[in-house]
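I'd like to ask some things about the structure below.
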Amino acid sequence: MADSPSRIERPLSPHLSIYRPLFTMVMSIVHRITGGALYFGTVILVWWLLAAATSPGAYDLFSSIAGSWIGRLVLLGYTWALIHHALGGIRHFIWDFIHGFGAKERELMAKATLAGSIVLTVVVWIIGLALKG
């Protein structure tokens, strides 16, 4: 049936390769990626809670891994993903009230989401490291 001469040739669906990437489009993709990354980061959070609840040895193991440079890098990424995704959720919540759909507003909110997530991540880590001593 696929080789039937009466078959109508239809255009292919648009794909990302034909669009010029816009900042808002990239931020939408990043929002989805951070949402997926939060699943993996939550495993780390559960590991921390289980280690704290089980034994000093388990907590020491977690602390040594999380305190390594790669562990801190992963935790920094998790912190940023959590804050960025939350700010993206606030942006979508604003859109739920039919606000911010103009081209300039969309661009401004996307830039604010990125800048805010970076600034808040730095603030959280400064406070966390200061409290740690």
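What number of residues in the stretch 87-106 are open to solvent by 100 Å² or more (accessible area, probe 1.4 Å) and under 18 Å from Thr34 (Cβ atoms)?
1
Is there any pair with a first residue in the stretch 19-42 that is more than 13 Å from Gly89 (Cα to Cα) and a second that is among the aromatic types (Phe, Trp, Tyr) and part of a helix (DSSP H, G or I) whose Cβ atoms are under 7 Å apart and which are 6 or more apart or on different chains, and what are they?
Gly41/Tyr78
The values are calculated or read from the model by the stated rules, or taken from the named source; none is laboratory data. Everything numeric here is computed off the predicted structure, so don't read it as measured data. Neighbour counts are summed over all protein chains in view; Cβ atoms, including those assigned to glycine, are modelled from backbone coordinates with ideal geometry. For the accessible areas, the whole protein counts, side chains as well, though only heavy atoms, and no ligand, DNA or RNA atoms are used. Shrake-Rupley method; radii C 1.70, N 1.55, O 1.52, S 1.80 Å.
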